[in-house]
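The values are calculated or read from the model by the stated rules, or taken from the named source; none is laboratory data. Please read all numbers here as calculations on a predicted model, not as lab measurements. Cβ: placed from backbone, ideal geometry, glycine included. Neighbour counts: every protein chain shown. Accessible surface is based on the protein model in full, side chains and every heavy atom, while ligands, DNA and RNA are left aside. Shrake-Rupley method; radii C 1.70, N 1.55, O 1.52, S 1.80 Å.
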Amino acid sequence: MKILVVGGGGREHAIIMKLAESKKVSKLYCAPGNGGISKYAECFSVKATDIDGMLALAKKLEVDLVFVAPDDPLVAGMVDVMQNAGFRTFGPNKAAAIIEGSKVFSKNLMQKYNIPTAKYAVFNQPEKVLDYISNENTYPTVIKADGLALGKGVIIAQNYDEAKAAVAEIMEDKIFGESGSQVVVEEFLTGPEVSVLCFTDGKSIKPMISSMDHKRALDGDQGLNTGGMGTVAPNPYYTDEIANECMETIFLPTIDAMQKEGRPFKGCLYFGLMLTPNGPKVIEYNCRFGDPETQVVLPLLDTDFVDIIEAIEEERLGELTVNWKNENAACVVMASGGYPKKYESGLVISGLDDKGQIESCFVYHAGTKLNDNGEIVNAGGRVLGVTATAESLSKALEIAYKGVESINWKNVHYRHDIGQKALKAFEN
Ligand code: AMP
Ligand code: GLY
């Protein structure tokens, strides 16, 4: 099979590497890809959001499968366009991708089908939001833009003034554009967070190995929210007992709900969960593989990835056994100094070999490109995801951090405490 992967981050690099292990794959393409991916797949400079351009590329390359990885083309309906043109495609269609594309949709879905989530209210007028928040008078309170906002549309306000400022930014200054025309105000939940990515064909659902993201920029969960500074898998808080409970109260009810709404979800459905004192609750749904969760989850997959993709497409996932390695994985993200704010790019990265790799572990490239001299330079906020698998989490972290220390560029930034919370949970 010739496969085109849409996207160009660390997640797509991890998808490409897992697809490359399949006996069924003859050729891999990626658009737009990046400097590291280009060593493993032929890359084309078509933007992930350019639906017409991507369709033209798929036709030119005569691919057998299109794998749409990022949220924006999924929410915009790239899968529908590809399927209408006759391409086998991995990812939910537009009707199903709304589960991530609109928080108002997903909250209403959960309410209608009794899926546990934070208490909430929806508004489209700033005054009404503020009336509600001042009446509730419970802080912190959580304010979310309805639509996609590059993972930054969630504001946790500690008091009324912060809430007021957030509402002004989202609804009046429109810092997230039309995504902020409606907002959801939510009860603040507490507890360990778990990411559970699931394969689903709309009828049955198979959770992958659980993982834990580290969203804040600085050690000790300080600093700004980012796309994710590192991950570990499995997540020790997610016990078998909790997994069973989530299957009964969250996973199955969600795919049934989507089926009943006439929006069957096929692809990877990502559950962002919080294990609250009152049981697991949904923080968010994503209609895709997570980044950097994929970088620790897919290396542990022990079943041919293409077999799973085909089973999902043909709606026979229920018949397939999906196997996982009994190992632990850790990914440490190396970012450009300054991220998630302004940073300098074009800086040459030292320590990588010709393939953009190091000897001891695998380096997933997120924001890299090749400069005119063929050197690998940083070209994004999150630059590399240095990943190791081992028989224990502590060993995986040790290998990954040793790898991180062998790579360098000017102003490089990474967290030193990825996995520490998970290690403590294993000890308890
Ligand atoms: P998101 O961008 O939706 O992944 O949200 C970013 C982060 O905000 C989540 O990972 C949580 O840590 C936090 N968050 C979102 N909703 C809530 C909530 N209702 N209560 C507490 N924290 C939340
Ligand atoms: N790592 C969080 C996400 O992919 O949305």
In Å², nearest 10: area of I209 left accessible to a 1.4 Å probe: 30
Whether segment 250-338 is rounded, prolate or oblate, judged on the alpha carbon gyration tensor where a/c under 1.5 counts as rounded: oblate
Normalised contact order of segment 1-113, rounded percent, pairs of Cα under 8 Å and 6 or more residues apart: 23
Between segment 219-264 and segment 71-100, the Cα center-to-center distance that results, in Å: 22
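Determine Rg/Rh for the chain; Rg is computed over alpha-carbon atoms and Rh is the Kirkwood hydrodynamic estimate from the same atoms. Working shown, then result.
Numbers: Rg = 20.8 Å, Rh = 22.0 Å.
Expressed as Rg/Rh, it is 0.95.
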Cα-based reach from K421 at 25 Å (exclusive), listing lysines while leaving out same-chain residues under 8 positions away: K152, K215, K281, K325, K395, K402
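Ignoring ligands, DNA and RNA, what percent of the accessible area of segment 283-428 is carbon or sulfur (1.4 Å)? Don't skip to the end; give the middle numbers.
Values: 2710 of 6340 Å².
Result for segment 283-428: 43 percent of the exposed heavy-atom area is carbon or sulfur.
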Mean-position separation - Cα centroids, segment 363-412 and segment 182-205, in angstrom: 29
Cβ crowding within 10 Å averaged over residues, with 70-77, 134-141 ranked highest first: 70-77, 134-141
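Between rounded, prolate and oblate, where does segment 69-115 land on the alpha carbon gyration tensor, with a ≥ b ≥ c its root eigenvalues, rounded for a/c under 1.5, else prolate if a/b exceeds b/c?
On the way: a/c = 3.29, a/b = 2.44, b/c = 1.35.
Because a/c hits 1.5 or more and a/b exceeds b/c, segment 69-115 counts as prolate.
Tell me the net charge near E405. Cut-off is 14 Å between Cβ atoms, E405 excluded, with +1 for each Lys or Arg and -1 for each Asp or Glu.
0
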Protein accessible area in segment 137-262, 1.4 Å probe - carbon and sulfur %: 50
Average accessible surface area per residue within segment 382-428, 1.4 Å rolling probe, Å²: 49
